[in-house]
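First comes the structure, then the notes that go with it.
Please treat every number below as a calculation from the coordinates, not as lab data. Note that the structure is predicted; figures quoted are calculated from it, not measured. A quick note on method: Cβ atoms are made from the backbone with ideal geometry, for glycine too, and the neighbour counts reach across all protein chains shown.
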Amino acid sequence: MFYIRQVLGRLEFRPVSPYMGTAWYERGGWMLYGGSLPQSRVTIFGGTVTELPEPEPPPRVLSKLKLRDNLAELGLWGAFKATIDADASISERWVLAQDIREDDADFVALKGRLATQFGATGNDLDEFLDRCITEA
C-alpha cells in the first residue's frame, strides 16, 4: 500500500505513514493505492489510480547447439536440418547466426514446421524450447 500522485507528468510515490493524516495526503494531491502490485505496475489515468497489465515476457533466445542436441536426442534433427537446408536464405542466416530469437521471422516459420514434426513425439514444444535457451 502506498500513495501516488502525478506532478508535471511525472509520477511520485510515498509510503503510507501513520504520522500523516489522510487529509494531509489529499491536500497534496496524493491518492491511496491499496493493492499489492509494485510501483512499476501502477499509474494515474483520468484522475484515478490504475493498475497496468503485466508486461509481455521478452522472446526467448535459443542456443543453436542446444536445439541441435535436443532435437538429435529425439531423432528429429535430420528432418529439421533438411527443412533449414531446403530454403537458401534461411540456411545462410542459420549458418551465420550464433543463436536465434524466438520471434525471428525465419525461426517462426521453422517453428511451425517443427511443431508438425514434434507433435508425433508426445512432447510439449514450449517446454522443449525452454531447454534450449541460451545461458546468460
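In order along segment 86-101, the Karplus-derived 3J(HN,Hα) couplings, from 6.51 cos²θ - 1.76 cosθ + 1.60 at θ = phi - 60°, round to 5, 10, 4, 5, 5, 4, 5, 5, 5, 5, 7, 6, 8, 9, 9, 7 Hz, and Gly and Pro are given as x. Shape class for segment 2-51, computed from the alpha carbon gyration tensor (a ≥ b ≥ c): oblate, with a/c not under 1.5 and a/b at or below b/c.
Using only Cα atoms, find the angle between the long axis of helix 64-74 and the longest principal axis of the chain, and express it within 0 to 90 degrees, rounded to the nearest 10. Computed tilt is about 60 degrees.
Amide H to amide H distances under 5 Å link THR50 with THR43, ILE44, PHE45, where only residues 5 or more positions off or on other chains count and H is placed in the peptide plane. Each Lys or Arg adds one and each Asp or Glu subtracts one; over the other residues with Cβ under 12 Å from the Cβ of LEU67, this totals +2. Within the set (i) -0.29, -0.66, -0.74; (ii) -0.30, -0.72, -0.81; (iii) -0.51, -0.69, -0.73, the number that log10 I(q)/I(0) by the Debye sum over Cα atoms at q = 0.09, 0.14, 0.15 Å⁻¹ takes when calculated for this structure is listed as (iii). Modelled label positions at MET1 and LEU65, each set 7 Å beyond Cα in the direction of Cβ, lie 5.3 nm from each other. Quick one: grab the alpha carbon gyration tensor of segment 61-130, order the square roots of its eigenvalues as a ≥ b ≥ c, and give me rounded if a/c is under 1.5, else prolate or oblate depending on whether a/b is larger than b/c. Taking the square roots of the gyration eigenvalues as a ≥ b ≥ c, segment 61-130 is prolate.
Build a GNM of the chain with springs between Cα atoms under 10 Å apart, and of GLY119, GLY75, GLY47 the one that fluctuates most is GLY47.
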